[in-house]
Structure formats: C-alpha cells, structure tokens
Amino acid sequence: MAVFWLATRAPSGSSLAANPTPDPSDTGWGKASASPSPTPSPSRPTPETTPKPTGKGTDKSPRPEATPAKKPRIETRTTPPPADPPAAVSRSPQLTAKEAYGIHGRYQRGLSVAQARKDQAAMAKLEHGLALEMTRAAFKTAEMQKTSLATGIWPNPQVWIPRHVEGAADWFVAVSHEPGVARIVDVMSSAPGGWRLVASAADTRATPARFPKIATDGEGYATSLPESATGLIATPRQIARAHLASLENAEIDPRFDDGPWTSEATLFWQQERVRLEQADWRLTLSYRLEGPVRALRTSDGGALVWYGARSTELREAVREGAKVKLKGSAAVRTRNKAFARSVSATYGRMYVTHVPPAGSNEPARVLGEWSDVLESHGD
C-alpha cells in the first residue's frame, strides 16, 4: 500500500492533522507541512543473529501485518559472494531437482551481488518481466535515497518442479523459510537466454500462514495447471481477477480468508477513502492483472496460484485546501513534496494464493505478497 500524510485546513486557516491510523503498510497520518525523514517500506528483515547491513541502510523489521515492499532478503555476510554466470536452459526435456537447486542458488548469489552494487544491467540476466521492473525500481529508490541494499542468501530452499509440457516454458518453485523472519516463495522460469525469476511473494509475519502441501507423483514431480483449470472453487485466473477486483473496489470478497492482503487491505482503503473525502479529496484505485497465471496442484485437490498485477492509487483534490504528502518509497520518488491538486503512485505487486478444490467450504487464502513502487507523481 502507498502511505501518505494529509493535512486539512480549518476555517481559521490553521492546519488540522488527522489521527494516526495503522494499516498493512505501516502508514501514519500527520501534517503535510511536517518534514519527517522518509523511510522506505520495510524490505529485508534481518534476524538478530546475522550481521547488520553495511552502508547507510535503514531497513527495519516490519510489524506482523506489514506488506513487504520487496521480498525480504536474509543477510548472511557483510560482503557479497562471487557471481556465477547465468545457467543455460537444461538440455534435458525434464528438469532435475539437482539442476533446479543449482539454478536457484545461482540466482540468489547473482541477486546478492547485484543488490550490493545496485547493478541495473546485471538484473536482466537474473529476472524477467514485472519482477525485473520491480527490482530495478527498488534500486532506483535506494539510489535516490542514498541507502544501501541488504545482501545475502535465503537458507535451505525446497524446490517443486512441474513436469515438462511440450511447447511451454519450464518452471519451478523454490520455498525458503527462516523462522521469525519470513517465508519466501520464488518462481523461476526458463527463457532463451537462461533461467530467470518471474514471480515471488513473502510472508513476513512472525508465524506465517499454513502453507499447503504440493502434490507430487511417484518420481517427485509436481503437476502444473492451466489458467482455466476446473475442479477448484474458481479457476486460477478467476481467483486472480477476483482478488484484484476486491482490492480495486475496496470490497471484501467472501471467497477469500481474512488477512493482510485481503480484508485488512480493503478495510484500509475504505478508511482511506473516507478520510480523503472529509478533506475534499477523492481516491481512485486500479489493479490490473499482468503476466501469466501459474498454478500447481496441491495434495488436497486444490491449487497454489501465482499472479502479478500493476496497481495505481490516484488521489485528486476536489477543491483547494488540504495537501497530500506521500510517505515511504513513493515519497522518495516525489522527493518528499506535498501536493495540492493530485498525486499518484504505481506499484508492481505479486501474490501466491491457495485455492481449495470444488465443493470445499474453505476460502481461498492469500499467502504472501511482493510489492515495489514503480513510479509516483504529483502536482
């Protein structure tokens, strides 16, 4: 979520600040005339037993309900590891577990080096699509704020590899869980130039939500499902669209369980809209599905679904008076200015959601998110 500061003007011309309101993005309200040092949204929480970030980083552990602006990256060293060349596409029609672990390990090491150097060009060999755009945007924000990015490797990942499908790109999932820090779910996909990260999501709560068991066959391979797969409470694509629609409309969808990326997010937007209206501003939200929807069969007959989106939050003044000031990464992009007429922020967002099988009484559960501000503007 974007965070912003709002000041309303009292009849006498003095500033009247609204009360602080917590939300899934660790937001607050205050006077637009105030000049707090903008702090980027919490991004890479660090366990107490690991070294602190080098350089000027100001990262901190988010509150349990916080939404990570970038998937957390655990720190295991103060200097980045040597980079490995990107892995080539497997010559075998069926990716092996050994190959998958090697591909993901090389990705993590390459990312750690790229983060330490804020190397925009290097990311093109590591990530693709919206994921690449989000990471490059995070690098730009850090450069503007003159902060360093934490580096390191997530320990002990587990991989699940779908069977090869003729004519389709191979892909696999890597899940890492550092107790008390975060659970990270990465999706790697083959491409003409090598393997790339195409999706990711994190749950940084002290106790992450229960993660479903991925179904495997006798040889340990998972089963990929198409966007239109039936046998679920809704197809993977329908679930993705329904989730984004609930956020865009700020309306709770009963098909989804309560949580920071469903009910809490919609409640935040409802409250945000009311406060803006009281200050003679209006809020317009847009959440658009971007990229493919990927899914794996789970042992309960349901599916794990990965999807990305591009969201835009537009705030416009109905009449002259109050000013709005963004906070967090969006504030860095607008150089911490307050705006009298309009201000917008666009984010890249990625989610992983468990969809129950058809006939189940259980709701769909959103199990993690990765978000980064792509751009913000105002006048």
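The values are calculated or read from the model by the stated rules, or taken from the named source; none is laboratory data. These numbers were taken from a predicted model, which means no experiment stands behind them. Neighbour counts run over all protein chains shown; Cβ positions are idealised from the backbone, glycine included.
Details
- Entry remark, region 154-182: residues being of a type in the set (G, A, S) and farther than 21 Å from G110 by Cα number 4 in total.
- So V343, is it buried (at least 22 other Cβ atoms within 10 Å of the Cβ), more than 20 Å from the chain's Cα centre (by Cα) and of a type in the set (A, V, I, L, M): yes
- Taken together, the residues in region 209-226 that are assigned to a loop (DSSP other than H, G, I, E, B), crowded, with 16+ Cβ neighbours inside 10 Å and within 23 Å of the chain's Cα centre (by Cα) amount to 3.
- Residues in region 145-167 that are surrounded by 13 or more Cβ atoms within 10 Å (Cβ to Cβ) and among the aliphatic types (A, V, I, L, M): L149, A150, I153, V159, I161.
- Residue count for region 287-342 under the criterion of being outside any helix (DSSP H, G or I) and either free of Cβ contacts under 8 Å to residues at least 40 places away in the same chain or not small (G, A, S) (or both): the result is 38.
- Residue among A209, A215 that alone is modelled with pLDDT under 95 and either outside the structural domain of E178 (by TED's automatic domain parsing) or more than 28 Å from V165 (Cα to Cα) (or both): A209
- Qualifying residue in region 148-171 (condition: at positive phi, out of contact with any helix residue (DSSP H, G or I) (no Cβ under 8 Å at 6 or more places or on another chain) and not acidic (D, E)): yes
- Qualifying residue in region 350-358 (condition: within 21 Å of T141 (Cα to Cα) and part of a strand (DSSP E or B)): yes
- The set of residues from region 157-181 being out of contact with any His (no Cβ under 7 Å at 6 or more places or on another chain), part of a strand (DSSP E or B) and closer than 16 Å to A199 by Cβ comprises W160, P162, W171, F172, V173, V175, S176.
- Test: residue in region 124-144 that is among the basic types (K, R), touching a residue at least 40 places away in the same chain (Cβ under 8 Å) and on the phi > 0 side of the Ramachandran plot: no
- Test: A265 is under 20 Å from S286 (Cα atoms), assigned by TED's automatic domain parsing to the domain that holds L296 and not acidic (D, E): yes
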